[in-house]
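The values are calculated or read from the model by the stated rules, or taken from the named source; none is laboratory data. Here the structure is a predicted model, which is why all the values come from computation and not from measurement. Neighbour counts are summed over all protein chains in view; Cβ atoms, including those assigned to glycine, are modelled from backbone coordinates with ideal geometry. The protein model used for the area step is the full one, side chains on, heavy atoms only, and it has no ligands, DNA or RNA in it. Shrake-Rupley method; radii C 1.70, N 1.55, O 1.52, S 1.80 Å.
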Amino acid sequence: MADPTQLNAENADNLEEIEMQFAVKAVQQAEVYWSLLEKVPGSQLRLTKHDDQIFEQLLEDFPEFKEKSAVAVISEDEMKSPLGKTKWREFCEKFKDIEDYNFGTLLRLKADLEYDQDTTMFAVRIQFYGIEIARNRYGLNDWIHEAAAKKKEASS
């Protein structure tokens, strides 16, 4: 059996089965998060025990996110530009101690939209945490809980 420590990611084949498993896991995580937001207003939700540290570092590394509008709408092109990749990589590496910090997940591009094929991008978990913690603190996700409560009330 090959030594996994000698694996070169640059030369590794992308195995469809593995990619599908990652995609399924990312969708499951999105569904769980959405369900949480339906039950609890985002402004009252803590995603990790590191929320304060993640939020403070996000604002330090990305001062534009001090503005509610900047975190409400995320530009995939900016995040994936050469400069964006460098800045995000530096941010992400500061959180190596958080389990699965670099695991793939889905990130909504706009805080006022649901998860959908056209409204999400693939990101790493710590990017998701940073952006969603900011959205929750700014109250940008509270509408999800409010909509779920109205729907529940209407069906009663």
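Any chance the range 47-63 includes a residue that's among the β-branched types (Val, Ile, Thr) and closer than 23 Å to Asp116 by Cβ?
From the range 47-63, those among the β-branched types (Val, Ile, Thr) are 48, 54; that's our starting set.
Applying the additional criterion that residues be closer than 23 Å to Asp116 by Cβ yields none.
Scanning the range 47-63 turns up no residue that is among the β-branched types (Val, Ile, Thr) and closer than 23 Å to Asp116 by Cβ.
Please go through the range 36-69 and pick out each residue that is within 15 Å of the chain's Cα centre (by Cα) and more than 15 Å from Phe95 (Cα to Cα).
Listed by number, the residues that qualify are Leu36, Leu37, Gly42, Leu45, Arg46, Phe65.
Restricting the range 99-119 to residues that are more than 17 Å from Met20 (Cα to Cα) and not in a loop (DSSP other than H, G, I, E, B), which is farthest from the chain's Cα centre (by Cα)?
My answer is Lys110.
Could you check Val32 against (1) under 30 Å from Glu153 (Cβ atoms); (2) open to solvent by 100 Å² or more (accessible area, probe 1.4 Å) and say which number it fails?
For Val32, the failing item is (2).
Tell me whether the range 19-27 contains one or more residues that are outside any helix (DSSP H, G or I) and either under 30 Å from Ala147 (Cα atoms) or in contact (Cβ under 8 Å) with a residue 60 or more places away in the chain (or both). Can you show your working first?
Of all residues in the range 19-27, those outside any helix (DSSP H, G or I) come to none.
Taking every residue of the range 19-27 in turn, none turns out to be outside any helix (DSSP H, G or I) and either under 30 Å from Ala147 (Cα atoms) or in contact (Cβ under 8 Å) with a residue 60 or more places away in the chain (or both).
Of all residues in the range 15-35, how many are among the small types (Gly, Ala, Ser) and within 26 Å of Lys94 (Cβ to Cβ)?
Residues of the range 15-35 that are among the small types (Gly, Ala, Ser), as a first pass: 23, 26, 30, 35.
Add one more test, that the residue is within 26 Å of Lys94 (Cβ to Cβ), and what stays is 26, 30.
Here the count works out to 2.
Out of the residues in the range 120-142 meeting the condition of being out of contact with any Leu (no Cβ under 9 Å at 6 or more places or on another chain) and assigned to a helix (DSSP H, G or I), tell me which one is surrounded by the most Cβ atoms within 10 Å (Cβ to Cβ).
Among those residues, the one meeting the criterion is Ile126.
Return the total of residues in the range 39-98 being open to solvent by 80 Å² or more (accessible area, probe 1.4 Å), among the polar types (S, T, N, Q) and either part of a loop (DSSP other than H, G, I, E, B) or touching an Asp or Glu at 6+ places or on another chain (Cβ under 7 Å) (or both).
Here the count works out to 0.
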